[in-house]
Amino acid sequence: MIMKIAFLFPGQGTQNIGMGKDIYDKYEVAKNVYDKVQEITNIDIAKISFEGPVEVLNETKNTQLAILTNSLAILEVLKENNVEAEVSAGLSLGEYTALIYSNYLSFEEGIKIVQKRGEYMQNLLPEGDWQMLAVLGLKDEVVEEVCKKVKTGFVVPANYNFEGQVVISGEKEAVLEAGELAKEMGARGVIPLNTAGPFHTEKLKEASNALKKDLENISINKSNKKVFKNIDGEPYRDTDNIREILAKHIISPVRFSKTIQNMLNEGIDTFVEIGPRKNFIRFCKEKYKR
């Protein structure tokens with residue numbers, strides 16, 4: 001029986017001090033990835049990833065590069081061992097990893113655009129006290145209803161990760177109020193996330209516009225590998241304007257639960273998560289019996 005494999009790539013919030021050091025020390029191809037990223041960005045992403053301090057790693061401009069580099073280094077080790085997939089997807093930042101893996105984006109241009117993305121998402125935040133929070137155990141529509149009930153400020157669903165896990169994003173007071181309402185409506189739990197802004201909401205419009213200008217200058221290649229996109233859970237098609245989609249990506253909810261379901265509908269039976277932590281796999285096993 002031939003397995004149908006999908007690679008899944010995580011996004012911001014999965015970072016931790018020391019991530020990637022094991023493969024960096026063991027595999028030359030992994031070390032080469034870290035070296036190339038440093039050459040391109042002039043950032044010692046290995047030192048930040050392995051030593052921190054945590055406050056520096058958690059800066060969005062560093063977090064995104066660190067997670068991307070970690071995933072790309074693991075991919076090189078897998079490639080060296082003849083492990084590949086024809087299908088991939090990533091959550092938020094992880095979609096860029098999937099596009100680089102599938103050759104829609106070149107390595108160098110992918111690194112450069114993620115560097116810009118992280119800088120814009122950090123530096124072009126509107127003023128305010130922002131929070132993201134995962135709501136566990138409620139249906140999507142219930143979480144949407146919870147957000148609409150909040151009157152203290154701005155809060156909306158941002159990431160539809162899996163059935164029973166939706167991340168909400170917005171002003172801290174409003175997000176925390178939504179968390180309490182969610183618990184009253186039966187949520188199994190609410191978990192504040194280690195992120196620094198109202199990502200995947202309209203509040204990132206300025207960052208989206210800035211990134212769009214940079215995206216206009218990158219090359220988009222043809223690919224024979226399928227990548228499922230965040231904004232609608234469907235695979236990229238030849239007719240898609242990838243630059244436009246990636247610009248909207250920052251301000252649009254992530255439809256990752258739909259992505260996984262569409263992969264299952266296409267016969268994917270093996271998911272390989274490539275990144276610092278194994279969040280996806282646990283939920284895939286739990287929700288989709290994979």
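Yes or no, residue by residue, for (1) of a type in the set (D, E, K, R); (2) surrounded by 21 or more Cβ atoms within 10 Å (Cβ to Cβ); (3) part of a helix (DSSP H, G or I):
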| site | (1), (2), (3) |
| --- | --- |
| Phe50 | no, no, yes |
| Leu75 | no, yes, yes |
| Lys79 | yes, no, yes |
| Asn82 | no, no, no |
Hits in the range 225-276 (condition: touching a residue at least 24 places away in the same chain (Cβ under 8 Å), of a type in the set (Asp, Glu) and outside any strand (DSSP E or B)): Asp232, Glu234, Glu244, Glu266, Asp269
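What number of residues in the range 187-199 are of a type in the set (Val, Ile, Thr) and in a strand (DSSP E or B)? Walk me through it before giving the result.
Residues of the range 187-199 that are of a type in the set (Val, Ile, Thr), as a first pass: 190-191, 195.
Checking which are in a strand (DSSP E or B) leaves us with 190-191.
Residues flagged as of a type in the set (Val, Ile, Thr) and in a strand (DSSP E or B) within the range 187-199 amount to 2.
If I filter the range 84-110 down to residues being assigned to a loop (DSSP other than H, G, I, E, B) and polar (S, T, N, Q), which single residue comes out as surrounded by the most Cβ atoms within 10 Å (Cβ to Cβ)?
Within the range 84-110, the subset assigned to a loop (DSSP other than H, G, I, E, B) is 84-86, 91-93, 102-106.
Remaining after also requiring polar (S, T, N, Q): 92, 102-103, 106.
Numbers: Ser92: 25, Ser102: 20, Asn103: 15, Ser106: 15.
Top of the filtered list is Ser92.
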Residue, nearest to the chain's Cα centre (by Cα), within the range 144-167, restricted to residues that are of a type in the set (Phe, Trp, Tyr) and closer than 17 Å to Ile231 by Cα: Tyr160
Filter pass, Asp129 being surrounded by fewer than 19 Cβ atoms within 10 Å (Cβ to Cβ), under 11 Å from Gly170 (Cα atoms), in contact (Cβ under 8 Å) with a residue 12 or more places away in the chain and among the charged types (D, E, K, R): yes
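Which one of Leu181, Leu124 is buried (at least 16 other Cβ atoms within 10 Å of the Cβ) and either in contact (Cβ under 8 Å) with a residue 40 or more places away in the chain or out of contact with any Lys or Arg (no Cβ under 8 Å at 6 or more places or on another chain) (or both)? Reasoning before the result, please.
Values: Leu181 fails: either in contact (Cβ under 8 Å) with a residue 40 or more places away in the chain or out of contact with any Lys or Arg (no Cβ under 8 Å at 6 or more places or on another chain) (or both).
The unique qualifying residue is Leu124.
Identify, from the list Leu8, Leu75, Leu65, Leu57, the residue that is within 16 Å of Val114 (Cβ to Cβ), hydrophobic (A, V, I, L, M, F, W, C) and touching a residue at least 60 places away in the same chain (Cβ under 8 Å).
Details: Leu8 fails: within 16 Å of Val114 (Cβ to Cβ); Leu65 fails: touching a residue at least 60 places away in the same chain (Cβ under 8 Å); Leu57 fails: touching a residue at least 60 places away in the same chain (Cβ under 8 Å).
Answer to the check: Leu75.
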The range 1-10 - residue that is over 10 Å from Pro276 (Cα atoms) and modelled with pLDDT under 95 and, of those, surrounded by the most Cβ atoms within 10 Å (Cβ to Cβ): Ile5
Filtered residue count, the range 155-186, keeping only those that are closer than 16 Å to Gln12 by Cα and not in a strand (DSSP E or B): 0
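The values are calculated or read from the model by the stated rules, or taken from the named source; none is laboratory data. Just so it is clear, the model here is predicted, and its values are computed rather than measured. In this analysis, Cβ positions are derived from the backbone assuming ideal geometry, glycine residues included, and neighbour counts consider all displayed protein chains.
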